[in-house]
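Input: a single structure, listed below in structure tokens.
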Amino acid sequence: MIYYGKLFILMKEQGKNQTHIREQKIIGQETLRKLKMGTGILEEYDYKNPETKLLEKKTRENSVDTKSIESLCIWLNCQPSDIMEVISNTWDNADILCEILKCTREELPQRVPMEEQK
């Protein structure tokens, strides 16, 4: 997963907050929501099947586009590594992932696609 905890620390250090992001239209509200959650997270959503017209539950991995990362880096005068970090979805990192996602080890595979350490 990509974790954006460093983004919110840097914003606080610079005296900026989420209200500034919205007011200055740096990124959209949905992108901000994904940044708070972290990307690479599995999300369940409702999908209306066009054939049956019924709602179905589907799962997708959320992501943030590079244009949004660029906008934030320009706004904060920083590099991408200053606002984000990659945490491998391996069982070796399970405790860190659980702390970030506020879930148990048992719930973890439903939140991120887990893989074994290579």
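Assorted remarks:
- Added length on full extension, which subtracts the Cα-Cα distance from 0.36 nm per residue, residue 77 to residue 18: 19.6 nm
- Surface per residue (accessible, 1.4 Å probe) for the range 1-87, Å²: 64
- Secondary structure note: in the chain, about 90% of the DSSP beta bridges are antiparallel.
- Applying the Karplus relation 6.51 cos²θ - 1.76 cosθ + 1.60 with θ = phi - 60° to the range 15-22 yields 3J(HN,Hα) values of x, 10, 9, 5, 5, 4, 4, 5 Hz, where x marks Gly and Pro.
- The value obtained for the chain, namely the Cα convex hull volume divided by the number of residues, is 143 Å³ per residue.
- Applying the criteria of a DSSP loop state and at most 16 other Cβ atoms within 10 Å to the GluC sites (Glu not before Pro) of the range 1-93 yields 51.
- Cα gyration tensor shape for the range 52-118, rounded if a/c is under 1.5, else prolate or oblate: oblate
- Using alpha-carbon coordinates, inclination of helix 66-76 to the longest axis of the chain, degrees: 30
- Working from label points 7 Å from Cα in the Cα-to-Cβ sense, the residue 91 to residue 66 distance is 3.5 nm.
- Each residue of the range 43-49 was assigned a 3J(HN,Hα) from its phi angle through the Karplus expression (A = 6.51, B = -1.76, C = 1.60, θ = phi - 60°), giving 10, 8, 9, 8, 10, 8, 5 Hz with x at Gly and Pro.
- Cross-link partners of residue 102 among lysines, defined as those whose alpha carbon lies under 17 angstrom from its own and excluding same-chain residues fewer than eight positions apart: 34, 36.
- Using only side-chain charges placed at the Cβ, +1 for Lys and Arg and -1 for Asp and Glu, the dipole size of the range 47-107 relative to its Cα centre rounds to 480 debye.
- Pairwise FRET efficiency - residue 30 versus residue 58, Cβ, R0 = 22 Å, nearest 0.05: 0.80
- Residue 92 accessible area, 1.4 Å probe, all protein chains in place, Å² to nearest 10: 110
- Within the range 19-38, backbone nitrogen closer than 18 Å to the virtual label 7 Å beyond the Cα of residue 9 toward Cβ: 35-38
- A straight Cα-to-Cα reach below 17 Å connects residue 57 with the aspartates and glutamates 43, 44, 46, residues fewer than 8 places away in its own chain not being considered.
- As a length-normalised measure over Cα pairs under 8 Å and 6 or more apart, the relative contact order of the chain settles at 31 percent.
- Listed cross-link partners 16/58; 16/67; 25/48 are compared with a 29 Å cut-off, the Cα-Cα value being larger for 16/58; 25/48.
- With the helix formula -39500 (n - 2.57) applied to DSSP H stretches of n ≥ 4, the chain reaches a computed 222 nm mean residue ellipticity of -10500 deg cm²/dmol.
The values are calculated or read from the model by the stated rules, or taken from the named source; none is laboratory data. Note that this is a predicted model, so its numbers are computed, not measured. For neighbour counting, all protein chains shown are included, and Cβ atoms are generated from backbone atoms with ideal geometry for every residue, glycine included. Calculation scope for accessible area: heavy atoms of the full protein, side chains included, ligands and nucleic acids excluded. Shrake-Rupley method; radii C 1.70, N 1.55, O 1.52, S 1.80 Å.
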